[in-house]
1. Could you give me the ³J(HN,Hα) list for the range 6-12, computed from phi with Karplus coefficients 6.51, -1.76, 1.60 and θ = phi - 60°, whole Hz, x at Gly and Pro?
2. Residue by residue, what Karplus-based ³J(HN,Hα) values in Hz, rounded to whole numbers, does the range 17-29 have, using 6.51, -1.76 and 1.60 with θ = phi - 60° and x for Gly and Pro?
3. If you plug each phi of the range 99-110 into the Karplus form 6.51 cos²θ - 1.76 cosθ + 1.60 with θ = phi - 60°, what whole-Hz ³J(HN,Hα) values come out, in order, with x for Gly and Pro?
4. Using the alpha-carbon centroid of each, what span in Å lies between the range 1-36 and the range 155-175?
5. How high is the relative contact order of the chain, in percent, counting Cα pairs under 8 Å that sit 6 or more residues apart?
6. Could you line up Met5, Met65, Met97 from fewest to most neighbouring Cβ atoms inside 10 Å?
7. Holding the Cα-Cα limit at 23 Å, pick out from Lys74/Lys168; Lys66/Lys134; Lys62/Lys134; Lys66/Lys104; Lys48/Lys74 the pairs that are longer than that.
8. Set Lys and Arg Cβ to +1 and Asp and Glu Cβ to -1, take the dipole of the chain about its Cα centre, and tell me which of Asn143, Ala89, Asn34 lies farthest positive.
Amino acid sequence: MAILMVVFYVVVLAALTAIVYAITVFNSLVRLRNENDRAWSNIDVLLKQRHDELPNVIETCKGYMKYEQETLQKIVKARTASASAISIAEKAQADGMTTVAVNKLFAVAEGYPELRANPTFLRLQGRISELEEKIADRREFYNSDVALYNTRIASFPEVLFANLMAMKTRDYFRVQVDEEQTVATKFT
């Protein structure tokens, strides 16, 4: 009888241990998923702030840059792409377009001394540059979170729980090829 009691306690203890382990794994995967969502929300907020600042930059530059309409149109096109982007991949592509267009605008602005002396332009340029730095920082943080999340849901035994929870790998917020191209700056 004593052996049966010991076996019973061992089985109950093993079952409780398995349940506690399952709950722990489940909660940690949910926490990672939520951290991914939070990290993406932080990027999305910054992208929206930059998106809201771009019309001010365009309006400030219009009066000075009469011969640079193509540059301004690229910003408008990038802003439109950003507004219509839904997925992370689409937002990443729109972000790359916007970054390239803004960098080109600031490089072209170097040839307009009156524009560079305009306090509104300087304030907006500083604000956009600050947002660009924050976006880059948040992108790095987000990609780090995605790497951890993707590793965990692909590792055994977490993969079993991830499959039960229908957790899928997440996309990185990747720099587009165009964004990696440097913009030539000409000083006059």
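1. 5, 4, 4, 5, 5, 5, 5
2. Karplus values, whole Hz, x for Gly and Pro: 4, 5, 5, 4, 4, 4, 5, 4, 5, 4, 5, 5, 5.
3. These are the phi-based 3J(HN,Hα) values: 4, 4, 5, 5, 4, 5, 4, 5, 5, 5, 4, 4 Hz.
4. So the separation of the two Cα centres works out to 22 Å.
5. Values: 146 pairs, mean separation 57.8, N = 188.
That works out to 31 percent.
6. Values: Met5 9, Met65 18, Met97 22.
Ranking Met5, Met65, Met97 by Cβ neighbours within 10 Å, fewest first, gives Met5, Met65, Met97.
7. On the way: Lys74/Lys168 35 Å; Lys66/Lys134 31 Å; Lys62/Lys134 27 Å; Lys66/Lys104 15 Å; Lys48/Lys74 18 Å.
Violating the 23 Å limit, Cα to Cα: Lys74/Lys168; Lys66/Lys134; Lys62/Lys134.
8. Final value for the positive-end residue is Asn34.
The numbers here are math on the coordinates, done by the rules we state, and not lab data. Here the structure is a predicted model, which means the values were calculated and not measured. When we count neighbours, we look across all protein chains shown, and the Cβ atoms used for this are built from the backbone with ideal geometry, even at glycine.
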